[in-house]
1. So if each residue of separation counts as 0.36 nm, and I subtract the Cα-Cα distance between Leu635 and Asp25, what length gain in nm does that give?
2. Considering only DSSP states other than H, G, I, E and B, which chymotrypsin sites (Phe, Trp or Tyr not before Pro) in region 372-410 qualify as loop sites with at most 11 other Cβ atoms within 10 Å?
3. Enumerate the residues in region 74-102 having an amide nitrogen under 19 Å from the point lying 7 Å beyond the Cα of Asp147 toward its Cβ.
4. How do Ile63, Ile117 line up, fewest other C-beta atoms within 10 Å first?
5. Check Gly89: other-chain or 5+ apart residues with amide H under 5 Å from its amide H, H built from backbone geometry?
6. Excluding residues fewer than 8 places away in the same chain, name every one of the lysines whose C-alpha is closer than 23 Å to that of Lys479.
7. List the chymotrypsin sites (Phe, Trp or Tyr not before Pro) within region 635-707 that fall in a DSSP loop (any state other than H, G, I, E or B) and whose Cβ has at most 13 other Cβ atoms within 10 Å.
8. Is region 25-213 best put as rounded, prolate or oblate by its Cα gyration tensor, with a ≥ b ≥ c the root eigenvalues, rounded for a/c under 1.5, and otherwise prolate when a/b is larger than b/c, oblate when not?
Amino acid sequence: MLESYGEIIFLLHFMLVYMASVNYDCPMACECDIDDETVNLSCRRTIPDTLPLNTRVVSITDIEYEYLQHSDFNNARWENVTKLYLRGGSVNSLFSYTFLNFRNLKHLQISFPDLYIISMNAFSQLTQLRTLDMSGNFHLSFDVVADALTVTEFTNNLDELNLQSLARFLTPGELNETFFLQLQRFNIKRLDLSQSNFRKIDPIALSLLGSSLEELRMIDVDLSSFVFYFYRSYAPHMFPNLQLFDISFARMKWFVLSLSIRDSVGVYDCFFPLFQARNLRMNNIFSETVTQVNITYKSLNCNRDVRGRIELKNNKIRFLNINVDPKMPMYREVDFSNNGLEYLSLNVMSHFTVMNWISLTQNNLGAMEKYIEFVDLFAHNLDLEYIDLSFNNLIRLPRDFFLFNSKLKTIIISNNLLTSQLFRIEHLNKLEYFDISNNNILFLDSSFLRTFDIMNLEMESNQSNIRQFSINLTGNTFKCECDTKGFIQWIITTRVTLVHRESYICEMQKNVVKINDNSPKDIEQICERTKLILMATLISLFSAGILVIIGIILICSYRRCLNLRHIKFLIEKYRKEDPPNKHLVFLSFCNSDRDFVYRYIIDELKDTLSERLDASKDDIVCIGDINFEPGRYILDEIIRCTESCCVVLLVVSEAFCKSHYCDFEALCAELEKKPIILMFLEEVDPKCMSKIMYKHFQKYTRVKWTRNGDEFELVPSWAKVCDSICAFAGANARFANKASIVEQTPLATI
């Protein structure tokens, strides 16, 4: 029992289709597809003798015939076929009147790799034909096709002629006036010469196709002479209704016209004289890496009108410049993607003033950031609505980069190296989609977030707007820290549409986690813990600092007291007339400095030490001129005087550093482990010093003579110098006294 009227209709339709399939009697080696009482027939290897009733579309592949003739399609039902596809197999010839019975045929495809003969009358009586597809006939020449079309009768009906891959395996021919005159009467709208093999094409002859031509494809062909003749002809308005001109992958040796061609540096000056196409495609025409391309566009006697689209993508161009004629057509859509562009001249963008769509993806415009004109790259494109700058190695866009593009609706700058510092967007009140995915964005500034919320609120309040404001932030690892808590909270609570919001991640305490509703609480806990740790650290550092200061004060006090004890011990020794050594200090100087030493040093040194120790001046200071015994070996006397003193004072000068005896005196002091004090009479190059002097120069403080006019002054004062001498001497005396007590203790016990 059928439950509804719809089920009855469905059952009746099924029964009719079944009955039709039975009556149609699908031929062997064929498949029949029945659709609304019409049959689509697909066969292999053989041509069926009969056709099912109402057959409209026939496709036959891998035909095992050497030639096709009228008798192969002799059945009366071929007259009903509107589309015929003949592809593959061993067919090499089409005889006269092969398609005589196809009086209603509108679409014909003939694609046989071995086909090379077409009789003059093969296409006779095809009065309704609109599309002729001859692609894939590798051994078929252009002349054979033209001759076969000469006697056809589908005048004014042919919309599309596809000659793709024609004559690929033949010697290149020439597409001249004769060829295009034969095509002229058909008013062809779409012509495809892609991947065909011809030596030369005459643009003047091509222009015979006139105003009917709307699409011209010459992809992957040799256009070595095409633009050259185009340039010589100066024929305006050759294709006034051309909608699409595609020369992608074309080989253009003479397309580069400038006499200043410099292949060694990769500079190309290109000339585009009369491209009137509404959509212009020049993709992959530069297969080698090109340093620079200068395009000169001359449009003679042409109206400056607005056209559709220009494509110059998938090339290898690093620098692009366009010098334009004032009458050059302007394009609304521009595609310069996947070129490796490092510099895009302002001349290029300043011409496309009506442009509303541009794709610059897969370039390297990040290299242009260092130029000051980069900020004005789109300053003339006031109507721009869509821009794609993805995959350009952009690190930082200028703040006013889109200052004049208030009509922008879509901005895509994904897959770059952008950080949190972005450009101004508050004036982009028509923005609908903002894509900054897969960058190095750590967080967005609060001003950005407020702007996004305002934009979304205005869009929601506009009832006539059916779209929502959306942002794509995927692929960025945000920071989940105290200073970004507001941004993370915004991601969770905002009404703005965030693309794939559930996949957003952030780095929290060196771990990458997904952002969820609990993220703000987790960040708050981290912040509180961080505050406590910071406070404890500050308290610890403050306490440690106080302890260090106290320790330094105690150490300094201890050293000061120790020095005073050493000095007091030395004074006691001299009062008891029991000095630790025969001499307190050994004064070592060079004979070249003798006058200065006797005038400014010896007397002052003796007086200050004698006063400090309350002792006689006679034996306090040991001087070689006075204390060396006559007739003795000089080195022995140096050793004896060094051993008999407590401290060695070296009066250093350039002459002192050059003296071998002075060097030996410093060496003896080092070997005897005597305290050494350096007193510099002048600036001395450290490279001139001996190793011992240089070591003391680097590690210990020193005394220096300074000159103030005609007067010499010692820094520090004589009192401090003598206190240091006494402290060193007292320390040595005390240690020597303790050592002698330790050595004598066993004898005393005995």
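1. Numbers: separation 610, 0.36 × 610 = 219.60 nm, distance 13.27 nm.
Fully extending the segment from Leu635 to Asp25 adds 206.3 nm.
2. Details: sites: Phe374, Phe378, Tyr386, Phe391, Phe401, Phe402, Phe404; in loops: Phe378, Phe391, Phe401, Phe402, Phe404.
Filter output for region 372-410: empty list.
3. In region 74-102, the label zone of Asp147 (backbone N under 19 Å from the point 7 Å along Cα→Cβ) covers 92-99.
4. Numbers: Ile63 20, Ile117 15.
Fewest-to-most ranking of Ile63, Ile117: Ile117, Ile63.
5. Here the answer is Asp62, Ile63, since their amide H atoms fall under 5 Å of that of Gly89.
6. Lys510, Lys514, Lys521, Lys531
7. Working: sites: Phe656, Tyr661, Phe664, Phe680, Tyr694, Phe697, Tyr700, Trp705; in loops: Tyr700.
Within region 635-707, the qualifying chymotrypsin sites (Phe, Trp or Tyr not before Pro) (loop, at most 13 other Cβ atoms within 10 Å) are Tyr700.
8. Details: a/c = 2.16, a/b = 1.63, b/c = 1.33.
Taking the square roots of the gyration eigenvalues as a ≥ b ≥ c, region 25-213 is prolate.
Taken together, the values in this text are just the output of simple stated rules run on the coordinates, not laboratory data. This one's a predicted model, so the numbers in the text were calculated from it and none came from an experiment. Note that each Cβ is placed from the backbone with ideal geometry, even for glycine, and that neighbours are counted across all protein chains shown.
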